[in-house]
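Before any comments, here is the structure.
The values are calculated or read from the model by the stated rules, or taken from the named source; none is laboratory data. Not measured: the values here are computed from a predicted model. Cβ placement follows ideal geometry from the backbone for every residue including glycine, while neighbour counts extend to all protein chains displayed.
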Amino acid sequence: MMKPIQTHNEGKGELCTIMVVDDDEAMRTLLVEALQGNGCRVVESSDGKGTLDALQTVTPNLIVTDLKIPDGGYPYLRLLKQSVPQIPIIVMTAYGDNQSKTKALECGVQGYLEKPLSLKDLMSWVCQVCVFQPCGKLPLL
């Protein structure tokens, strides 16, 4: 069953919008809370199809997605990049071998983060992409 797309921090002015995609609810919640705590607007999804559908109405500044999700994998990454070529995509995965990383980068993603995820590394990407978002509150994890 597909979880409906949830958006957080609605109506708070121009915020950096990050789409977080992970079928692991605990991981998704951790990322949503960390990003919100740093002033980001967050849109979340739990699967590839829901993400692609949401991109019809939401234009995030950055997409952070797990690789191994329902309707996911490398075909999903290629389709995601084709759908929104202007939006940077960061892949996070527990499969941190060189072959997986190479395949993901060949799909057009800009970054590859291994789980367990370093929030500091993720926030570095947010700061690079969201130039209008102040980065002074970033935790040093």
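Results, tabulated for the structure shown:
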{"read-out": "Those residues of the stretch 38-81 which are without any contact (Cβ under 8 Å) to a residue 40 or more places away in the chain and on the phi > 0 side of the Ramachandran plot, in sequence order", "value": "ASP71, GLY73"}
{"read-out": "Per-region count, the stretch 103-120, residues surrounded by 14 or more Cβ atoms within 10 Å (Cβ to Cβ) and modelled with pLDDT under 90", "value": "3"}
{"read-out": "Cβ-Cβ under 9 Å pairs, at least 6 apart or on other chains, the stretch 118-130 side more than 10 Å from ASN38 (Cβ to Cβ) and among the aromatic types (Phe, Trp, Tyr), far side in a loop (DSSP other than H, G, I, E, B) and modelled with pLDDT under 85", "value": "none"}
{"read-out": "Any hit, the stretch 71-91, residues being in contact with a strand residue (DSSP E or B) (Cβ under 8 Å, 6 or more places away or on another chain), more than 14 Å from TYR112 (Cα to Cα) and of a type in the set (D, E, K, R)", "value": "yes"}
{"read-out": "The listed residue being surrounded by fewer than 18 Cβ atoms within 10 Å (Cβ to Cβ), modelled with pLDDT of 95 or more and closer than 23 Å to SER124 by Cβ, out of THR29, THR51, THR65, THR59", "value": "THR29"}
